[in-house]
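Quick notes on the structure that follows.
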Amino acid sequence: MTNSAKPKVAFIGTGIMGAPIAGHIMDAGYDLTVYNRTKSKADALVARGAHWAESPAAAAADADVVFTMLGYPTDVEDVYLATNGLVRAAKKGAWLVDLTTSSPQLARDIHDAAEVEDKHAIDCPVTGGESGAIAGTLTLILGSTEADAQPILPVLETFSSKVFYFGGAGKGQTAKLCNQASLASCMVGMADALALAEQGGLDPKLMLDMVGSGMGSSRALTALGPKALEGDWKPGFLVEHMRKDIRLAIEQSEDLEITLPGAETAFTLFDMLCQIGGERLGTQAISLLYAEEGDAAAAGLDWSLLNEDADGDACARGHEHGHECGCGHDHGHDGHECCGGHGDSCGCGHDHGHEE
């Protein structure tokens with residue numbers, strides 16, 4: 001990559017987060033090539049001057065920097081490590097930057113495979129959600145040193161406001177999973193507080209203002225609590241992706257032989273929300289698990305799906321959670337409480353095609 005001209009950039013995965021990020025890169029004057037499994041999601045970028053490629057390999061062929069924003073570790077593994085994947089398809093010296101929240105071990109595997117091919121792969125998950133992507137103020141969490149990432153820093157700065165360097169391949173992913181583990185418990189706390197306020201006869205908006213001004217506050221409560229009150233379930237971050245992230249955090253904890261009780265509880269709830277039809281809603285929809293059945297149905301949820309999908313009380317990770325959410329509502333699915341044990345859903349081990 002020379003200093004005499006801006007590097008050519010490829011962006012693979014132009015969904016909720018990827019499209020605005022790619023837009024910022026274009027706005028900064030970089031020549032951009034894009035690919036997405038569903039071409040229509042890249043049409044707006046192409047209309048603005050981005051080049052369309054027919055495959056990830058074609059997008060990367062002439063790029064100095066290749067970004068990916070995908071859905072699941074299975075997607076990342078396929079796009080990078082398949083026979084015609086980016087590790088082989090990208091040119092020598094190219095930088096491969098994965099913005100997906102994925103597996104730390106997979107990030108290390110991709111990094112090592114790229115180095116053998118004389119290319120540079122960095123795990124760089126982001127936080128800030130759709131609003132941060134649109135504003136160009138994402139926080140970047142790099143599995144590298146600052147010195148190692150220096151050549152691509154100008155491109156990274158086009159869509160970020162903070163950059164953290166964790167010093168080694170896979171460590172960016174582990175750090176992002178720390179963020180998600182904390183966020184998951186905050187989301188449960190937000191939903192608990194709303195349920196307690198509403199059932200206790202309080203003005204829930206006043207409660208959010210009060211809690212949000214003190215130590216009980218969280219970004220989840222202040223940013224997403226009002227959306228839940230308004231019945232705004234539009235995704236800034238999808239429920240199914242939160243479930244995936246929590247699962248990854250729990251898997252990492254198991255590798256380290258520790259337990260994460262807060263993450264375990266959150267996984268149970270988000271997994272259940274996915275099972276009853278909420279996988280494509282925003283994460284604030286966790287509060288619907290505490291709602292009356294009619295209110296949940298109005299948002300597109302169907303509690304009867306819980307039994308249709310379930311073969312038992314073990315979750316996809318083989319644990320028997322048996323949690324109840326505490327709302328006390330009987331949702332009419334053969335005696336199960338709304339946050340009781342759940343069945344063997346995929347647990348995000350499958351490719352749900354989030355970019356399609």
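The values are calculated or read from the model by the stated rules, or taken from the named source; none is laboratory data. Everything numeric in this text was worked out from a predicted model, so none of it was measured. Cβ: placed from backbone, ideal geometry, glycine included. Neighbour counts: every protein chain shown. Heads up: the accessible areas ignore ligands, DNA and RNA and are worked out on the full protein's heavy atoms, side chains in. Shrake-Rupley method; radii C 1.70, N 1.55, O 1.52, S 1.80 Å.
Would you mention how many residues in the range 212-240 are in a helix (DSSP H, G or I) and either in contact with a Cys (Cβ under 8 Å, 6 or more places away or on another chain) or closer than 18 Å to TYR290 by Cα (or both)? I'd like the intermediate steps shown before the answer.
First pass over the range 212-240, keeping only residues in a helix (DSSP H, G or I): 212, 219-230, 239-240.
Right, trim to either in contact with a Cys (Cβ under 8 Å, 6 or more places away or on another chain) or closer than 18 Å to TYR290 by Cα (or both) and you get 219-221, 224-230, 239-240.
The total comes to 12.
Do you know which residues across the range 137-165 are open to solvent by 10 Å² or more (accessible area, probe 1.4 Å), of a type in the set (Gly, Ala, Ser) and over 17 Å from the mean Cα position of the chain (by Cα)?
Once the filter is applied, which keeps residues that are open to solvent by 10 Å² or more (accessible area, probe 1.4 Å), of a type in the set (Gly, Ala, Ser) and over 17 Å from the mean Cα position of the chain (by Cα), the range 137-165 yields ALA147, SER161.
Condition first: small (Gly, Ala, Ser), within 30 Å of ASN36 (Cβ to Cβ), within 16 Å of the chain's Cα centre (by Cα) and modelled with pLDDT under 50. Can you find one or more residues in the range 333-351 that meet it?
Just the residues of the range 333-351 that are small (Gly, Ala, Ser), to begin with: 335, 340-341, 343, 345, 347, 349.
Filter once more, so that each one left must be within 30 Å of ASN36 (Cβ to Cβ): 345, 347, 349.
Going one step further and asking which of them are within 16 Å of the chain's Cα centre (by Cα), we end up with 347, 349.
From what's left, modelled with pLDDT under 50: 347, 349.
Looking for residues that are small (Gly, Ala, Ser), within 30 Å of ASN36 (Cβ to Cβ), within 16 Å of the chain's Cα centre (by Cα) and modelled with pLDDT under 50, one finds at least one in the range 333-351, hence yes.
Across the range 67-79, which residue is nearest to LYS8 (Cα to Cα) among those that are in contact with a strand residue (DSSP E or B) (Cβ under 7 Å, 6 or more places away or on another chain) and open to solvent by less than 10 Å² (accessible area, probe 1.4 Å)?
Here the answer is PHE67.
Can you run down the residue pairs with Cβ atoms below 6 Å, 6 or more apart or on separate chains, where the first is in the range 39-65 and closer than 13 Å to ALA19 by Cα and the partner is open to solvent by less than 50 Å² (accessible area, probe 1.4 Å) and not hydrophobic (A, V, I, L, M, F, W, C)?
LYS41/THR14; ALA42/THR14; ALA42/ASN36
For the range 5-39, which positions are at positive phi and either aromatic (Phe, Trp, Tyr) or in contact with a Ser or Thr (Cβ under 8 Å, 6 or more places away or on another chain) (or both)? Break it down into steps so the answer makes sense when it comes.
Within the range 5-39, the subset at positive phi is 13, 29.
The one that is at positive phi and either aromatic (Phe, Trp, Tyr) or in contact with a Ser or Thr (Cβ under 8 Å, 6 or more places away or on another chain) (or both): GLY13.
Out of all the residues in the range 80-96, is one or more within 24 Å of ASP255 (Cβ to Cβ) and surrounded by fewer than 23 Cβ atoms within 10 Å (Cβ to Cβ)?
yes
Checking the condition touching an Asp or Glu at 6+ places or on another chain (Cβ under 8 Å) and either hydrophobic (A, V, I, L, M, F, W, C) or under 26 Å from GLY236 (Cβ atoms) (or both), which residue from ILE16, ILE25 passes? Full working, then the answer.
Working: ILE25 fails: touching an Asp or Glu at 6+ places or on another chain (Cβ under 8 Å).
Just one listed residue meets the conditions, ILE16.
Only one residue in ASP209, ASP245 is open to solvent by less than 50 Å² (accessible area, probe 1.4 Å) and either of a type outside the set (A, V, I, L, M, F, W, C) or at pLDDT below 95 (or both). Which one?
The conditions single out ASP245.
Any idea which of (1) in contact (Cβ under 8 Å) with a residue 24 or more places away in the chain; (2) part of a helix (DSSP H, G or I) is the one ASP209 doesn't satisfy?
(1)
What's the number of the only condition in (1) of a type outside the set (A, V, I, L, M, F, W, C); (2) under 23 Å from VAL239 (Cβ atoms); (3) open to solvent by less than 10 Å² (accessible area, probe 1.4 Å); (4) touching a Pro at 6+ places or on another chain (Cβ under 9 Å) that SER103 fails to meet?
The single condition SER103 does not satisfy is (3).
Examine the range 117-124 for a residue that is open to solvent by 70 Å² or more (accessible area, probe 1.4 Å) and either within 19 Å of ASP64 (Cβ to Cβ) or aliphatic (A, V, I, L, M) (or both), and state whether such a residue exists. Don't jump to the end; show me each part of the working.
If we filter the range 117-124 for residues that are open to solvent by 70 Å² or more (accessible area, probe 1.4 Å), which is where we start, we get 118.
Keeping just the survivors that are either within 19 Å of ASP64 (Cβ to Cβ) or aliphatic (A, V, I, L, M) (or both) gives 118.
Within the range 117-124, one or more residues are open to solvent by 70 Å² or more (accessible area, probe 1.4 Å) and either within 19 Å of ASP64 (Cβ to Cβ) or aliphatic (A, V, I, L, M) (or both).
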